[in-house]
Amino acid sequence: MDNTEEFVAPDVTMRKNAGLTHAADYTMRQPLERYTEEDHATWAKLYARQLALLPGRACDEFMDGIQQLEVDPLRIPDFTQLNQHLMQATGWQLVAVHGLIPGDIFFEHLANRRFPVTWWIREPQNLDYLQEPDIFHDLFGHVPLLMNPVFADYVQAYGKGGVKAQALGSLDMLARLYWFTVEFGLINTPAGLRIYGAGILSSGSESMYALESDSPNRLGFDLLRIMKTRYRYDSFQKTYFVIDNFEQLFKATEPDFTPYYEEIANKDEIPAGDVLDGDLVIHRGTGEGWALTEDA
Ligand code: PHE
Ligand code: CO
């Protein structure tokens, strides 16, 4: 979701959405009647796997959110039911979409406290890895933290920032912030490092890798550095950034970014696995296994 180019839907998105339409803002009714028993079984399997892994790995705010949302462990949730809990907690709403939507539309939804959720679920042959987001990633990964007031405000502010960054031509920089926080963020707690990024929380193998592997770097949150850091979208991350709490994230991103964009626009991009002088190093990655993947 980092550009406004016309989206070319991948095959699975096309197949799942055959015969369905969406409104001008890309929202649609959640087509509950399309879920098969196999779909519900996929949800149950993924949910059970993550719930076995996440206690002690996911941050408390996520675990609390899952519980307060009363997410069904066995069947794909009906958005209207989740929306009652969400509305009451933070005023957010889920809206169903067919898949990835154009960036400007996505930002507009976030800015209005609507979170777009892909309605369909991955197929059993792709249980572990899927390039495009599905309902398990979008809903299980992202929505529980929207029950947290500070995080909920952060995501809305990001949406507003997206509209602005687009006008300034700085979207590549802002998109990296989303990636390294909302999708792949780690958080420091008195009990140890925990996960809050949805891309990690919705992935069994990355939930373990992000916290326990010696391979990736784990560096302290640094806004301007993050906005120049390249990332992997086709493999596990080489670097994770660690916040101390959600207030820190909200405060650091509260100022007007216009001068920030100007300051860093001409700086070199930082390769995904680099550690720089001045980085707050929580763990220096061994880089083991990276030789197999080309540098991002
Ligand atoms: N404060 C940022 C701006 O003025 C917007 C923003 C908020 C960006 C939160 C990211 C996260 O551009
Ligand atoms: Co996501």
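For the range 117-187, averaging the sequence separation of C-alpha pairs within contact (under 8 Å, six or more residues apart) and dividing by the residue count gives a relative contact order of 20 percent. Counting only DSSP beta bridges whose two residues both lie in the chain, roughly 35 percent are antiparallel. Counting only alpha carbon atoms, the long axis of helix 79-89 and the longest principal axis of the chain meet at about 50°.
Its residues counted as N, the chain yields a C-alpha radius of gyration over 2.2 N^0.38 Å of 0.96. Across the chain, C-alpha contacts under 8 Å between residues 6 or more apart give a mean separation that, scaled by the residue count, equals a relative contact order of 18 percent.
Count the net charge of all other residues whose Cβ sits under 14 Å from the Cβ of residue 211, scoring Lys and Arg as +1 and Asp and Glu as -1. Net local charge, residue 211 excluded: 0. Charge tally around residue 64: other residues with Cβ under 15 Å, Lys/Arg +1 each, Asp/Glu -1 each, net -1.
When Lys and Arg each count +1 and Asp and Glu each count -1, what net charge do the other residues less than 14 Å away from residue 55, Cβ to Cβ, add up to? Neighbour charge sum, excluding residue 55 itself: 0.
Any read-out appearing in this document is the output of simple, stated calculations on the displayed coordinates, not a laboratory observation. This one's a predicted model, so the numbers in the text were calculated from it and none came from an experiment. Backbone-built Cβ (ideal geometry, glycine too); neighbour counts: all protein chains shown.
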